[in-house]
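The values are calculated or read from the model by the stated rules, or taken from the named source; none is laboratory data. Small disclaimer: the values here were computed from a predicted structure and weren't measured. Cβ sites come from the backbone with ideal geometry, for glycine too, and all protein chains shown count toward neighbours. These area figures cover heavy atoms from the full protein model, side chains too; ligands, DNA and RNA do not enter into them. Shrake-Rupley method; radii C 1.70, N 1.55, O 1.52, S 1.80 Å.
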Amino acid sequence: MSQNKKMSLTTRIMLGMILGVILGLLIQSILGDQPEVAIPLGLFDLPIKGFFVDGLFHIGGQIFIASLKMLVVPLVFISLVVGTCSLSDPKKLGRLGGKSILLYLSTTAIAITVAISLALLVSPGGGVEIPTTATFNAQQAPTLTQVIIGMFPTNPINAMASGNMLQVIVFALLFGIAMALSGDAGKRCAKVFEDLNTVVLKLVTLLMNLAPYGVFCLMAKLFTSIEMSLIVELGKYFLVVVAALLIHAFVNYSILLKVLTGLSPLTFLAKMKDACMFAFSTSSSSATMPVTLETATKKLGANNSVASFTVPLGATINMDGTAIMQGVATVFIAQVFAVDLTLSDYLMVILTATLASVGTAGVPGVGLIMLAMVLNQVLPVEGIAIIMGVDRLLDMTRTAVNVTGDCMVTCVVAKSEGELDTEVFNDADAAKALEEDIDLDKLSKKA
């Protein structure tokens, strides 16, 4: 117990991730090609896959994901209402929205441009012979017009119940503005929401203690089923996507942050560790949103009135990691099918992928739907089936990139609005203070 208290949350999450990967690979080696292997325990046999993989690991991982998703709607709604009703200048909302959307679309365009350029340089599909008889049935993606109309909820409660984040954001903004314009009644409501916000944020810190165990279960289950042979066959594609993701996260975001704010990219990246590990393990920007908000406000110093707007918006429309996958996949599939794409084809891919980052907001399986939209412009959609085998592992990495982009844009917008506490941003102890606040023993003592 004393050793556990000495270890930071980041260290515990990393330890859980490593142990989960090792155990998952060990179980995969034990199972081999057999569907099940049982451990004899005298009175009965204990099935490894049935008890551990499909039982303990599956339950533990899903409880962890569910506990994070449980917080998303109340956290976004309450936090956004509090932030909106506290704005003295209603025009500020328009500025926040305009800056955020412009930055998100710009980073997406940069991401896919870098991905296509790197893929053309390396040629990941050159000489690859993979059977292309597999098929992929793409879901119908909504048009941009449908998305804009669908942003406005006919039933706000139903929007919250179904987790339609764009509708929740719009309703929270309107509700917050109405509270700000309602005089004394609005002020009384604001106090209630401020108290609710404090309680929800405390719940976030409590549930973050599940992270090491949840990450362990997720990694252990995932790595029992990952086919390493596929990663070898698609090795160049896999490495090019990872390289493009790392370049975008460490180089592009760092340059934008430094140029637009003057803040230290190294400090920013160092404080993104927890949020990135959550994103990597959950493969969901929405599930990671509670941690992303905590990081943006407590570690990076962004005011809640800005972060509560930019982070949920980014989790909904920021698809930089997916755009990178689309760019590399387009070049890879074109090379496998021996299709020569022209400069205008690549420009069409960049434009389609950038607009699709908004047009497919809130749709399940967004990455493959967006890729289907892109390939429809220049290539056969069936090519998606080739890369599906390794997409799960890449999805984890690109989600971490998306979350990093959400926080970078939050810092830029907050700095431009004078809503970024640079002392908190530059304070190396801010992250440690947050982790100490998350310690369950200390929380119980405070109580």
Cross-chain or 6+ apart pairs with Cβ under 7 Å, segment 168-193 first and modelled with pLDDT under 90, then open to solvent by less than 50 Å² (accessible area, probe 1.4 Å) and assigned to a loop (DSSP other than H, G, I, E, B): V170/P153; A180/L87
Candidates V82, V53 - the one that is under 30 Å from V170 (Cα atoms), open to solvent by less than 80 Å² (accessible area, probe 1.4 Å) and in contact (Cβ under 8 Å) with a residue 24 or more places away in the chain: V82
Reported set for segment 56-79 where residues are open to solvent by 10 Å² or more (accessible area, probe 1.4 Å) and among the small types (G, A, S) is G60, A66, S67
Of all residues making up segment 224-238, the number that are modelled with pLDDT of 85 or more and over 20 Å from the mean Cα position of the chain (by Cα): 3
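Consider G32 carefully, then state whether it is open to solvent by less than 20 Å² (accessible area, probe 1.4 Å) and more than 30 Å from K202 (Cα to Cα). Please lay out each step first, then the result.
Numbers: open to solvent by less than 20 Å² (accessible area, probe 1.4 Å): no; more than 30 Å from K202 (Cα to Cα): yes.
Taking the combined requirement at face value, the residue does not satisfy it.
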Residues of segment 294-315 satisfying the condition of being open to solvent by 10 Å² or more (accessible area, probe 1.4 Å) and either among the aliphatic types (A, V, I, L, M) or under 20 Å from M160 (Cα atoms) (or both): F309, L313, A315
Hey, can you tell me all the residues within segment 403-419 that are surrounded by fewer than 24 Cβ atoms within 10 Å (Cβ to Cβ) and either in contact with a strand residue (DSSP E or B) (Cβ under 7 Å, 6 or more places away or on another chain) or outside any helix (DSSP H, G or I) (or both)? E417, G418, E419
Would it be correct to say that L26 is open to solvent by 60 Å² or more (accessible area, probe 1.4 Å) and within 25 Å of C217 (Cα to Cα)? yes
Take the conditions open to solvent by less than 20 Å² (accessible area, probe 1.4 Å), among the polar types (S, T, N, Q) and part of a helix (DSSP H, G or I) and apply them to N209. Does it pass? yes
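Within segment 256-292, restricting attention to residues that are among the charged types (D, E, K, R) and in a helix (DSSP H, G or I), which residue is modelled with the highest pLDDT? Don't jump to the end; show me each part of the working.
Filtering segment 256-292 down to residues among the charged types (D, E, K, R) leaves 258, 271, 273-274.
If we keep only those that are in a helix (DSSP H, G or I) as well, we get 258, 273-274.
Numbers: K258: 95, K273: 89, D274: 85.
Across segment 256-292, the extreme among qualifying residues is K258.
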Please identify the pairs in which a residue from segment 240-264 that is touching a residue at least 24 places away in the same chain (Cβ under 8 Å) has its Cβ atom under 7 Å from the Cβ atom of a residue that is outside any helix (DSSP H, G or I), counting only partners at least 6 apart or on another chain. V240/P124; L257/L263
Take segment 1-20 and flag every residue that is surrounded by fewer than 17 Cβ atoms within 10 Å (Cβ to Cβ) and at pLDDT 85 or above. L15, I18, L19
Out of curiosity, is V232 surrounded by fewer than 20 Cβ atoms within 10 Å (Cβ to Cβ), free of Cβ contacts under 8 Å to residues at least 12 places away in the same chain and either of a type in the set (G, A, S) or assigned to a helix (DSSP H, G or I) (or both)? yes
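Has segment 115-126 got at least one residue that is part of a helix (DSSP H, G or I), among the hydroxyl-bearing types (S, T, Y) and crowded, with 20+ Cβ neighbours inside 10 Å? Don't jump to the end; show me each part of the working.
Initially, segment 115-126 is screened for residues part of a helix (DSSP H, G or I), giving 115-122.
Adding the requirement that they be among the hydroxyl-bearing types (S, T, Y) leaves 117.
After this cut, where a residue has to be crowded, with 20+ Cβ neighbours inside 10 Å as well, the list is none.
No, segment 115-126 contains no residue that is part of a helix (DSSP H, G or I), among the hydroxyl-bearing types (S, T, Y) and crowded, with 20+ Cβ neighbours inside 10 Å.
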